[in-house]
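Inspection log for the structure reproduced underneath, given as structure tokens.
The values are calculated or read from the model by the stated rules, or taken from the named source; none is laboratory data. Every value quoted in this text rests on a predicted model; they were computed, and no experiment measured them. Positions of Cβ are generated from backbone atoms using ideal geometry, with glycine treated the same way; all protein chains shown enter the neighbour counts.
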2 protein chains.
Amino acid sequence: MTSARIHERHLFGPGPSNAYPEATLALAAPLLGHLDPAFLAIMDGTCEMLRRVWGTENARTLPISATGSAGMEAAFVNTVHPGDVVVVAVNGLFGQRMCDVAARCGAEVVAVEHEWGQPVDVERVLGAHAAPAIIAAVHAETSTGVRSDIAALGAAKGDALLLVDAVTSIGGIELRADDWGVDIGYAGTQKCLGVAPGLAPFTINDRAFDRRVERPRSWYLDLGLLGGYVGEASGSGGRTYHHTAPVAMVASLHAGLARILDEGLEAVWARHEAAGRQLQEGLEELGLELFAAEGHRLPELTTVKVPDGVDSAAVRRYLLETHDVEIGAGAGAYAGSVWRIGLMGHNARPDAVLLVLAALRDALAHA
Amino acid sequence: MTSARIHERHLFGPGPSNAYPEATLALAAPLLGHLDPAFLAIMDGTCEMLRRVWGTENARTLPISATGSAGMEAAFVNTVHPGDVVVVAVNGLFGQRMCDVAARCGAEVVAVEHEWGQPVDVERVLGAHAAPAIIAAVHAETSTGVRSDIAALGAAKGDALLLVDAVTSIGGIELRADDWGVDIGYAGTQKCLGVAPGLAPFTINDRAFDRRVERPRSWYLDLGLLGGYVGEASGSGGRTYHHTAPVAMVASLHAGLARILDEGLEAVWARHEAAGRQLQEGLEELGLELFAAEGHRLPELTTVKVPDGVDSAAVRRYLLETHDVEIGAGAGAYAGSVWRIGLMGHNARPDAVLLVLAALRDALAHA
């Protein structure tokens, strides 16, 4: 039953990315009890550092004990009252998923569809309904490699709550939840935060919390119960048992966040920017065409068109088997016609750019 | 922000327990992509080994990507249709929680209350309603240290589905889901499986799956979608992207399960039985009184009454600070009057028994 061999991959797909070494080491530290004062200090420090990467002072900022997709569910299940109008900007797979999740929570969903590869059209989203309860959008669409202007949505949201997916942006590009008017945000650990998948960094401000569903359909994701779990209710370290925290993952997130903040958040953003630009220039030098709309491309996740006549899956398999290099297939209708190349967190480095370009050049020569 | 010191605790509370060393090492292995063939092999192996510890041949046996409490939610959210009668055997905290979770899913809950410390009264539960859709019970109540007779419930469940919490029993005591008539079961990794918290081993048979809710309120826990994620739908390794698997935790669970099955499941049960008996005899020799009803005591989790005049919290604090030994407080109304001592997974060993008894003797001498 045990694996015959340990594979060491270069994870240049859409996530997970290779973890920061500090985050990996923390995973293997001795376990602590979930109510141990030593663990509660780690949890408190994690929440405090999460506030910094979110760009928020929200007291209710915490790692939800499941992956990023559960963060999406937590966002909607706590804020959608039956019949609420939720306007969703759909410019990729994760916007589509928001519609599904919101509808299951009882929302009347107004989906504003965009061509994939394009950023969110702020005017169209704002004009889609006169008085939505929630406007939802993805900051960095993992399916297309596109960045959208969250600040513009926030500036004109009116009475609506602004709910934002920051799964692929947090820790990689500028993100300022409070300045931009984000009321509810969720993210993941396995992309630019450079930590294994398994937690959903989450933040909600008082404005959204005050309008929340009192007894949401999900017990596990009920923010009214989770507040006590992270100690927010007491202010003096008192905790209410809710569920057993995934202590190893939280310790790992703590270590990853400390690494990022030691380097400096803006320096980390600049590192992602530089690596992405270098990669995108290199891909064009290889004669490849980028997929995402120019001017809206994410540095941390690049989408590139598969050249005509090239077997997309065969190239990916060659990269993995020959060079231990993983890149991603396209999403949805673009599964066979686009590749997704991520340089996220620990991988946002010049040597990673050189490697992925060289490996891709080699693979294309063999295609 | 970094911790000043790494604490190495003896986790003799109700969980998490100290992990098997194989499980810890696997956590720190290089990350794999969640669609990497090498990871899919680990996932397949994990599901196969989970079938063995559950005692089931259910194809739909998988680790849900969240903690045990999310397993409870997955169990109800996929099987409770609005208005369904759900009979819940309540003999502790986790039975109470089942009522809350089931009610949020739209169930008409019939709670059959028991005195804490007592096992489930099978006749009373079966007589509580003429035709419930679901009968739910906790195999090993973590809040009281009591084992209940699941086989007796299964033998007489009639047309109802039997839904069982095996969080504290799996990998520690006899568990035979198929033989006992369990239709839906959930568990956790951080107790007798000897793995960090973060996953919920889950199983559901065809009988329950065929009656499931087609589009449950939870997208994240929708078993109809999760089937493709673990490859059950294709039978040939084809996967549907649902969410990013928590790859490090799954690799760790794989390693923990392999360790258990290498030792032999029945040998592991015997090791828990021996450690628990030795502990319970030792506690009585110290003059302490056990809490759980005689004949129904779990070996892996022992509840013991706090002696009159002893400050329960002060003893626990002394144990932690002086000996790095964690034991648990009581649950609910017994928070100050009962201790919970777990010898689970890697900790079900004679040396752990000696240590916890010696440490407790020392603490009581200082109380």
- Taking segment A:128-147 and keeping residues surrounded by fewer than 24 Cβ atoms within 10 Å (Cβ to Cβ), among the aliphatic types (A, V, I, L, M) and within 20 Å of A:Val101 (Cα to Cα) leaves A:Ala128, A:Ala133
- Task: Working carefully through the options A:Leu62, A:Leu35, find the one that is more than 22 Å from the chain's Cα centre (by Cα) and either among the aromatic types (Phe, Trp, Tyr) or in the same structural domain as A:Thr168 (by TED's automatic domain parsing) (or both).
- Result: A:Leu35
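Do the conditions hold for A:Arg271, that is, is it over 30 Å from A:Gly45 (Cα atoms) and charged (D, E, K, R)? First the steps, then the outcome.
Details: over 30 Å from A:Gly45 (Cα atoms): no; charged (D, E, K, R): yes.
In short, no.
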- Please find, among B:Ile173, B:Ile150, B:Ile184, the residue that is within 25 Å of B:Gly15 (Cβ to Cβ), surrounded by fewer than 24 Cβ atoms within 10 Å (Cβ to Cβ), away from chain A (no Cβ under 14 Å) and within 18 Å of the chain's Cα centre (by Cα). B:Ile173
- Query: Among the residues of segment A:316-327, is any surrounded by fewer than 22 Cβ atoms within 10 Å (Cβ to Cβ), modelled with pLDDT under 95 and either outside any loop (DSSP other than H, G, I, E, B) or in the same structural domain as A:Val146 (by TED's automatic domain parsing) (or both)?
  - Reply: no
- Query: Between a first residue in segment B:6-29 that is within 8 Å of chain A (Cβ to nearest Cβ) and closer than 13 Å to B:Gly194 by Cα and a second residue that is among the hydroxyl-bearing types (Ser, Thr, Tyr) and surrounded by fewer than 24 Cβ atoms within 10 Å (Cβ to Cβ), which pairs have beta carbons less than 9 Å apart while being 6 or more apart in sequence or on different chains?
  - Reply: B:Asn18/B:Thr24; B:Leu27/A:Thr24
- The lone exception for A:Gly227 - which of (1) of a type outside the set (Val, Ile, Thr); (2) away from chain B (no Cβ under 14 Å); (3) farther than 30 Å from A:Ser65 by Cα it fails: (3)
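Residue check: is B:Pro16 assigned to a loop (DSSP other than H, G, I, E, B) and not acidic (Asp, Glu)? Don't jump to the end; show me each part of the working.
Details: assigned to a loop (DSSP other than H, G, I, E, B): yes; not acidic (Asp, Glu): yes.
Considered against the rule, which asks whether it is assigned to a loop (DSSP other than H, G, I, E, B) and not acidic (Asp, Glu), B:Pro16 comes out as yes.
If you scan segment A:6-17, which residues turn out to be surrounded by fewer than 23 Cβ atoms within 10 Å (Cβ to Cβ) and within 16 Å of B:Val250 (Cα to Cα)? Outline the logic, then answer.
Of the residues in segment A:6-17, the ones surrounded by fewer than 23 Cβ atoms within 10 Å (Cβ to Cβ) are A:6-10.
Answer for segment A:6-17, where residues must be surrounded by fewer than 23 Cβ atoms within 10 Å (Cβ to Cβ) and within 16 Å of B:Val250 (Cα to Cα): A:Ile6, A:His7.
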- Here are some residues: A:Gly336, A:Gly342. Which one is of a type outside the set (Asp, Glu) and out of contact with any Gly (no Cβ under 6 Å at 6 or more places or on another chain)? A:Gly336
- Can you name every residue in segment B:37-67 that is of a type in the set (Asp, Glu) and more than 12 Å from chain A (Cβ to nearest Cβ)? B:Glu57
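Looking for whichever is within 24 Å of B:Leu11 (Cβ to Cβ) and either crowded, with 19+ Cβ neighbours inside 10 Å or within 23 Å of the chain's Cα centre (by Cα) (or both) here; the options are A:Val250, A:Val304. Which one fits?
Details: A:Val304 fails: within 24 Å of B:Leu11 (Cβ to Cβ).
Of A:Val250, A:Val304, the one residue that is within 24 Å of B:Leu11 (Cβ to Cβ) and either crowded, with 19+ Cβ neighbours inside 10 Å or within 23 Å of the chain's Cα centre (by Cα) (or both) is A:Val250.
Looking at segment A:336-347, can you tell me whether even one residue there is among the hydroxyl-bearing types (Ser, Thr, Tyr), part of a helix (DSSP H, G or I) and surrounded by fewer than 23 Cβ atoms within 10 Å (Cβ to Cβ)?
First, pick out the residues of segment A:336-347 that are among the hydroxyl-bearing types (Ser, Thr, Tyr): A:337.
Within this subset, residues satisfying the condition of being part of a helix (DSSP H, G or I) are none.
Looking through segment A:336-347, none of the residues is among the hydroxyl-bearing types (Ser, Thr, Tyr), part of a helix (DSSP H, G or I) and surrounded by fewer than 23 Cβ atoms within 10 Å (Cβ to Cβ).
Given the options A:Arg277, A:Arg271, name the one that is assigned by TED's automatic domain parsing to the domain that holds A:Ala359, touching a residue at least 24 places away in the same chain (Cβ under 8 Å) and charged (D, E, K, R).
Details: A:Arg277 fails: touching a residue at least 24 places away in the same chain (Cβ under 8 Å).
Within the list A:Arg277, A:Arg271, the selection yields A:Arg271.
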- So, first residue under 25 Å from B:Asn78 (Cβ atoms) in segment B:112-138, second residue basic (Lys, Arg) and outside any loop (DSSP other than H, G, I, E, B), Cβ within less than 7 Å, six or more apart or across chains; the pairs are B:Val112/B:Arg124
- Evaluate segment A:24-32: report whether one residue or more is within 20 Å of the chain's Cα centre (by Cα) and surrounded by fewer than 24 Cβ atoms within 10 Å (Cβ to Cβ). yes
